[in-house]
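Right, one structure below, let's go through it.
A short reminder: the numbers here are calculations on the coordinates, not readings from a lab. All values derive from a computational prediction rather than experimental measurement. Virtual Cβ from ideal backbone geometry, glycine too; neighbours counted across all protein chains shown.
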Amino acid sequence: MNDSTMSQRDRIYVAGHRGLVGSAIVRRLRVLGYENLIVRDRTRLDLTDTRAVDAFFEETRPDFVFLAAAKVGGILANETFPADFLRKNLQIELNVIDAAYRHRVRKLQFLGSSCIYPKHAPQPLREESLLSGPLEPTNQSYAVAKIAGIHLCQAYAQQHDFDAIALMPTNLYGPGDNFHPEYAHVVPALMGRFHEAVRAKADEVVVWGTGTPLRELLFVDDLADAAVFLMQHYAETEIINVGTGQEITIRHLAEQIADVVGFRGAIRFDAAKADGTPRKLLDVSRITALGWRPSTSLAEGLRATYRWFLEHESERRGLQTAYSTN
Ligand code: GFB
């Protein structure tokens, strides 16, 4: 067993454990028997505070770090709060990656995003397309911050021989998501809207944009499975895509979500709202060659997400409040 192989005795810090991705990574690690997990709520550790992060690493001495903490949101949140998305994500990445290196973490995994690729890069998006052209304007700040995170990993690896890998997940959804009506990503936003429409006996639901953009959607528990797999089996400084390799139009996605929720009325598209990037499909040949593939179909994933949504009504309201006061 080499120094970068995670064992069940190791101390594993999951940054962002209350979020969609971090909570799924914690679930996955527990299922696999990793019990020595370190987590901190944001009330106890502010990851944008350099000194606090340093003191936390000094005190807890993690062996492995999953860096899943980030300020995230859907297309409107990205457009409305670009300065927050840039500043908070840069601060979190810099603080955690630097502290992890200085406190001798054996391996760190950084979670990026498929929006780092240029808007007009050839599809499916290969890892080599990074920095080959201009970004999609609606989430440029978030993408620039994530690109900086990738470069931090690569620069610390190059200069300090720090073992840091960077995953680029496609659009994610699943249990633990933020269901804010305006600022959430498309799956939770539409699930909440259709659910409200059924409750209010409304005969129409409005979906933003033209319905023609294509998105690739990965169930978050599959992403968590890939994250643990790559922590064990990937040690390159090049980024690696994590997705399904399959895409769906927003129109078809809306119809599938309506079906899961039981909404039988009309779906109207509001073309005055932003479509964002027209297509964002990842080339997943690199991770496929390593032997990993997702196991949850979109239909199964949407049903599981809706079950969670129904079971967490009160906590969900709490999350929405937390988001809006961020
Ligand atoms: O998930 P989403 O907000 O993010 O939106 P992106 C995807 C598509 O869904 C866009 C349409 O074409 C929207 O016009 N859409 C339709 C809606 N109705 C809604 C709705 O009610 N809410 C939302 N949110 N969308 C994200 C970035 O871009 O990609 C993130 O904003 C992150 O930062 C993520 O990088 C991977 O796919 O456009």
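Odds and ends about this structure:
- Region 114-133 residues that are touching a residue at least 24 places away in the same chain (Cβ under 8 Å), paired with ones that are in a loop (DSSP other than H, G, I, E, B) and of a type in the set (F, W, Y) (beta carbon under 7 Å, 6 or more apart): L125/Y117; L130/Y117
- Among (1) over 20 Å from L86 (Cβ atoms); (2) aliphatic (A, V, I, L, M); (3) surrounded by 24 or more Cβ atoms within 10 Å (Cβ to Cβ); (4) within 15 Å of the ligand (Cβ to nearest atom), the one test that A197 misses: (3)
The rows are residues; the columns are (1) aliphatic (A, V, I, L, M); (2) within 18 Å of the chain's Cα centre (by Cα); (3) more than 15 Å from the ligand (Cβ to nearest atom).
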| residue | (1), (2), (3) |
| --- | --- |
| V53 | yes, no, yes |
| I75 | yes, yes, no |
| R102 | no, no, yes |
| R126 | no, no, yes |
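- Residues that are hydroxyl-bearing (S, T, Y) and either loosely packed, with under 13 Cβ neighbours inside 10 Å or within 19 Å of N178 (Cβ to Cβ) (or both), drawn from region 8-47: S23, T43
Every residue, every condition in (1) more than 12 Å from the chain's Cα centre (by Cα); (2) more than 10 Å from the ligand (Cβ to nearest atom); (3) closer than 20 Å to S23 by Cβ; (4) without any contact (Cβ under 8 Å) to a residue 24 or more places away in the chain, yes or no:
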| position | (1), (2), (3), (4) |
| --- | --- |
| Q140 | yes, no, no, no |
| A155 | yes, yes, no, yes |
| A166 | yes, yes, no, no |
| T170 | no, no, yes, no |
| G176 | no, yes, yes, no |
| H185 | no, no, yes, no |
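- Within region 144-151, at least one residue is charged (D, E, K, R) and within 16 Å of the ligand (Cβ to nearest atom).
- When E216, E247, E136, E204 are screened for being more than 8 Å from the ligand (Cβ to nearest atom), in contact with a Gly (Cβ under 7 Å, 6 or more places away or on another chain) and within 18 Å of L281 (Cα to Cα), only E216 passes.
- One residue from L190, L135 being closer than 21 Å to T80 by Cα, assigned to a helix (DSSP H, G or I), aliphatic (A, V, I, L, M) and more than 16 Å from the chain's Cα centre (by Cα): L190
- For the condition in contact with a strand residue (DSSP E or B) (Cβ under 8 Å, 6 or more places away or on another chain) and farther than 23 Å from R106 by Cα, I75 qualifies.
- Members of region 77-92 that are closer than 12 Å to A143 by Cα, in contact (Cβ under 8 Å) with a residue 60 or more places away in the chain and hydrophobic (A, V, I, L, M, F, W, C): F85
- Selection status of T305, surrounded by 14 or more Cβ atoms within 10 Å (Cβ to Cβ), within 14 Å of the ligand (Cβ to nearest atom) and under 20 Å from the mean Cα position of the chain (by Cα): yes
- Among the residues of region 94-132, those that are in a strand (DSSP E or B) and within 13 Å of F64 (Cα to Cα) comprise K107, L108, Q109, F110.
- Filter pass, R193 being of a type outside the set (A, V, I, L, M, F, W, C) and without any contact (Cβ under 8 Å) to a residue 24 or more places away in the chain: yes
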